[in-house]
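To start, the structure under review is shown below, and the notes come after it.
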Amino acid sequence: MMRKGTIIEYKRCFGLFYHYGMYIGDNKVIHRDKKHIFGKGYICITELDNMIGTMKILPLQIPHVPTEQAINNALILHNKEQKNSYNVLTNNCEHFVNYIRYNKAISRQIQRIQKIVLFGICALFLFKNTKNPKKINIKTH
């Protein structure tokens with residue numbers, strides 16, 4: 001039996017990205033969802049059995065918000081939030097569960113993507129500069 005406050009990770013698109021939710025009891029998961037990647041999104045409560053993707057239970061990190069407080073905070077956000085607050089880069093499902101469980105709205109998958117993009121830009125810049133090195137004229141007297 002799953003414990004309340006458990007963070008669940010769902011593998012999507014063969015592991016290209018993941019969806020996150022938190023189990024709140026009574027076979028229900030609270031999570032930030034969206035219609036499509038750049039579409040309108042919202043916090044919703046879904047039956048655990050209706051969640052899509054390969055499920056993995058994540059170990060709870062220390063320190064964390066106490067379980068009942070995390071569930072209350074999630075339900076408060078669910079009740080007051082309007083649609084359109086979803087943003088794949090700054091306010092996605094992983095930001096949501098990390099905020100309610102750890103008071104830190106972070107997304108490690110977005111951080112990884114940012115590092116990959118930055119590495120790609122740097123590699124492209126370095127490759128371009130090695131392909132066409134600048135010639136320096138040194139005057140001798």
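Values quoted throughout were computed directly from the atomic coordinates according to the rules given, and no laboratory measurement underlies them. The structure displayed is predicted, hence computed values, not measured ones. With ideal geometry, Cβ positions are generated from the backbone for all residues, glycine too; neighbour counts draw on all protein chains shown.
Applying 1/(1 + (r/R0)^6) with R0 = 35 Å to the Cβ-Cβ distance of LEU124 and LEU16 gives a FRET efficiency near 0.95. With Cα atoms as the point set, the radius of gyration and Dmax of segment 7-107 evaluate to 12.6, 34 Å. The protection proxy used here, the mean number of other Cβ atoms lying within 10 Å of each residue, ranks peptides 114-125, 20-31 as follows, highest first: 20-31, 114-125. Each peptide among 42-48, 63-69 gets the average number of other Cβ atoms lying within 10 Å of its residues, and from highest to lowest they stand as 42-48, 63-69.
As a proxy for reagent exposure, ILE110, ILE7, ILE76 were ordered by neighbouring Cβ count within 10 angstrom, fewest first; the result is ILE76, ILE110, ILE7. Charge tally for LYS56 (other residues, Cβ to Cβ under 10 Å; Lys, Arg +1; Asp, Glu -1): 0. For the set LYS34/LYS104; LYS11/LYS80; LYS34/LYS56; LYS4/LYS115; LYS56/LYS80; LYS28/LYS115, the pairs lying more than 25 angstrom apart at their alpha carbons are LYS11/LYS80; LYS4/LYS115; LYS56/LYS80; LYS28/LYS115.
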